[in-house]
Amino acid sequence: MKNRVVGLINEWEGVSPEDLIELLKEKDQALQAITDVNLQLSCERDLFRREADHYKARCLKFQVDEMRRKRAGGEIK
């Protein structure tokens with residue numbers, strides 16, 4: 001682990017602080033963009049899940065109503 005850290009320090013030797021700050025800003029912007037996409041995907045997933053649950057409940061209700069009509073000898077539409 002120490003060798004890895006020393007290697008990274010040697011790699012960045014001579015780089016100006018402004019360049020390091022700029023790289024950190026770019027990294028933060030990239031991470032924020034990823035976070036935004038993840039949030040959007042999570043919201044969409046939750047919306048689709050709610051819609052699917054609603055549709056499933058309607059389908060189950062329809063099936064139950066159909067069975068009740070059949071048992072009662074009613075007309076099936």
Based on the alpha-carbon gyration tensor of the chain and its eigenvalue square roots a ≥ b ≥ c, which shape applies: rounded if a/c is under 1.5, prolate if not and a/b is larger than b/c, or oblate? prolate
Hey, in the GNM for the chain with a 10 angstrom Cα cutoff, which one of Glu66, Glu13, Glu26 fluctuates hardest? Glu13
Å² per residue, accessible surface of the chain at 1.4 Å: 97 Å²
Compute the acute angle (0 to 90°) between the alpha-carbon long axis of helix 2-12 and the principal axis of greatest extent of the alpha-carbon atoms of the chain; round to the nearest 10°. 80 degrees
Between helix 17-72 and the chain, what is the angle of the helix's C-alpha long axis to the longest principal axis, kept within 0 to 90° and rounded to the nearest 10? 10 degrees
Calculated [θ] (222 nm, deg cm²/dmol) that DSSP helices of n ≥ 4 give over the chain, each run adding -39,500 (n - 2.57): -31500 deg cm²/dmol
Specify which residue in the list Met67, Ile9, Leu47 is farthest towards the positive end of the charge dipole of the chain, using unit charges on the beta carbon of Lys, Arg (+1) and Asp, Glu (-1), about the Cα centre. Met67
What percentage of the solvent-accessible surface of the chain, computed with a 1.4 Å probe over protein heavy atoms, is contributed by carbon and sulfur atoms? 59 percent
Whole-angstrom gap from segment 28-61 to segment 3-20, using each part's C-alpha centre: 41 Å
Lysine pairs in the chain with Cα distance under 22 Å, only those 8 or more apart or on different chains: how many are there? 4
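The values are calculated or read from the model by the stated rules, or taken from the named source; none is laboratory data. Being a predicted model, the structure only gives us computed values, none of them experimental. For neighbour counting, all protein chains shown are included, and Cβ atoms are generated from backbone atoms with ideal geometry for every residue, glycine included. Surface areas here come from the heavy atoms of the whole protein model, side chains and all, with no ligands, DNA or RNA. Shrake-Rupley method; radii C 1.70, N 1.55, O 1.52, S 1.80 Å.
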